[in-house]
């Protein structure tokens with residue numbers, strides 16, 4: 001009797017706990033088995049060019065998912081489902097018999113396809129929201145925009161850099177499910193709507209981007225080049241109006257590069273780097289534009305010979321001619337007067353060896369060797385751009401500083417954000433700072449203009465407009481303290497109109513068969529800037545006429 005009494009007492013205590021004291025707890029356990037929480041992905045914010053053209057947008061799509069444990073006869077409606085999803089019946093039958101419980105049959109199907117599948121009334125199918133990221137302009141901006149992954153997460157480029165802004169806030173809901181995981185007829189509960197991500201308005205200009213892509217693509221084909229990059233800047237604001245990176249396959253097909261080479265690929269630039277030597281030497285009074293130097297064809301430093309591109313007897317050259325004709329020997333002589341420390345300081349001052357304010361994912365800082373590592377021959381290599389590594393954007397920024405009277409204007413891609421309810425907010429640009437004295441910049445402009453009038457870049461001339469700029473031709477290192485035979489990088493960088501700059505641009509062409517910057521890259525600059533100046537209604541230069 002006593003044992004029975006104890007058992008009944010324990011049973012009663014358990015009943016009181018379940019139905020009284022622990023009722024809420026056990027009800028929650030039951031609900032957790034009946035309801036499952038489902039994430040509702042947020043629509044990603046759209047991206048626009050400076051004119052409001054849509055260049056990246058997320059559209060509603062769903063994944064068609066099957067619970068194959070609920071498939072009793074995989075042949076039922078197999079033909080209709082395979083036709084709607086565009087799957088071979090054999091592949092669909094294989095997917096429905098995996099016995100995994102969750103099988104994705106199709107990703108990111110359109111609303112029309114979703115409706116057609118739902119009309120089949122197959123109990124084993126569910127539809128999971130999975131928005132698709134599309135570029136209405138095709139792949140025109142692909143290296144800049146980057147890639148969005150399956151989970152709606154930016155994986156590269158601008159989509160990755162501004163992921164937190166673009167992604168929005170996911171929502172959720174609880175849906176009732178049966179013992180075998182099937183959806184129950186009652187509606188969802190505890191619905192929390194997703195919040196759409198913010199949009200971006202870029203400085204990029206879609207018509208210019210298209211024109212640059214067309215011109216650069218044609219040039220890569222004409223010169224059998226491996227790749228090419230063009231960056232066009234709004235001189236005054238630093239806004240990037242066009243940023244194009246193209247690669248050419250061995251079969252000759254030109255396509256967008258897999259990444260933004262303008263900031264992720266470093267290269268030895270050649271003579272465009274002479275800007276550091278000339279700007280520092282002019283600023284410190286070491287030379288004037290009219291100073292004359294005796295320039296031989298060859299000079300030796302650290303036992304290594306350095307020569308000009310074309311043979312000439314020893315001659316007296318004014319500084320402006322040394323720059324216009326891109327004399328390596330004359331530049332090295334000026335660098336010797338300047339000294340290594342002042343040259344190094346000016347390289348750093350102009351932004352080389354540092355990442356730009358763009359803060360791009362995977363951006364390289366390039367390489368300016370510390371003074372402590374310089375060899376005796378470094379005062380021959382570094383002044384002429386073969387002893388350091390840079391990016392195309394760094395070069396463009398340095399010349400843009402000259403165009404701005406010596407003031408460095410940081411590059412920028414995003415000019416505004418757009419809230420989910422459509423409110424646009426301008427993004428505060430990074431601060432500017434002076435890198436070259438104003439008087440020095442005024443001296444440099446006509447010297448750089450002479451490069452295009454009677455120097456190495458006459459092909460950069462633009463009918464009706466004055467142009468200032470510089471060529472660069474450099475061998476490509478082989479990674480083993482030497483250079484790859486026949487491999488060159490051709491560069492032209494400049495701004496226009498020369499005396500009242502509105503646009504700055506750089507063109508780099510990798511591995512062209514016509515390897516000089518003045519013949520491979522300068523014509524591209526001329527063509528795209530001719531279009532850009534008129535596209536942005538920049539008046540012709542007074543006195544040059546229009547042809």
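Coordinate-derived values only; no laboratory data. All of these numbers come straight from a predicted model, not from anything done at the bench. Cβ sites come from the backbone with ideal geometry, for glycine too, and all protein chains shown count toward neighbours.
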Query raised in the report: For the pair residue 453 and residue 121, how long in nm is the line joining their label points, each one 7 Å along Cα→Cβ?
Result: 8.4
**Report entry** Ellipsoid equivalent to the stretch 207-535 - semi-axes via the Cα gyration tensor, in Å
**Finding:** 30, 23, 20
Query - Residue order, fewest to most beta carbons within 10 Å, for 326, 519, 110, 291 - result: 110, 291, 519, 326
Query raised in the report: Given a cut-off of under 8 Å on Cα pairs at least six residues apart, what relative contact order in percent is computed for the stretch 207-535?
Result: 22
**Report entry** Extension gain from residue 104 to residue 432, taking 0.36 nm per residue of separation minus the Cα-Cα distance
**Finding:** 112.9 nm
Query raised in the report: In degrees, nearest 10, range 0 to 90: what is the angle between the Cα axis of helix 23-34 and the longest Cα principal axis of the chain?
Result: 70
Report task. Report the label-to-label distance for residue 288 and residue 191 in nanometres (one decimal), using points 7 Å from each Cα along the Cα→Cβ vector. Result -> 8.0
Query raised in the report: From the square roots a ≥ b ≥ c of the eigenvalues of the alpha-carbon gyration tensor of the stretch 433-480, which class results: rounded (a/c under 1.5), prolate (a/b over b/c), or oblate?
Result: oblate
Query - Net length gained if the chain between residue 172 and residue 536 were fully extended (0.36 nm per residue, minus Cα distance) - result: 126.3 nm
Query raised in the report: By counting other Cβ atoms within 10 Å of each Cβ, how are 356, 364 ranked from fewest to most?
Result: 364, 356
Query raised in the report: Once the Cα atoms of helix 274-283 and of the chain are each reduced to a long axis, what angle between those two axes, in degrees from 0 to 90 to the nearest 10, is obtained?
Result: 60
Query raised in the report: Going by alpha carbons, how many degrees (0 to 90, nearest 10) lie between the helix axis of 328-338 and the longest principal axis of the chain?
Result: 90
Requested in this report: Treat each spin label as a single point 7 Å out from the Cα along the C-beta direction, and report the residue 424 to residue 375 distance in nm.
Outcome: 5.5
Query raised in the report: Which order results if 141, 306 are arranged by neighbouring Cβ count within 10 Å, fewest first?
Result: 306, 141
Report summary line: At R0 = 41 Å the Cβ-Cβ FRET efficiency linking residue 345 and residue 249, nearest 0.05, sits at 0.45
Query - D (Stokes-Einstein, µm²/s), Kirkwood Cα radius, the stretch 286-417, 0.890 mPa s at 25 °C - result: 150
Report summary line: Summing -39500 (n - 2.57) over every DSSP H run of at least 4 residues in the chain and dividing by its residue count gives a helix-only mean residue ellipticity at 222 nm, to the nearest 500 deg cm²/dmol, of -9000 deg cm²/dmol
Query - Cα gyration tensor shape of the stretch 386-533, rounded if a/c is under 1.5, else prolate or oblate by comparing a/b with b/c - result: prolate
Query raised in the report: Residue separation times 0.36 nm, minus the C-alpha to C-alpha distance between residue 91 and residue 51: what's the value?
Result: 9.8 nm
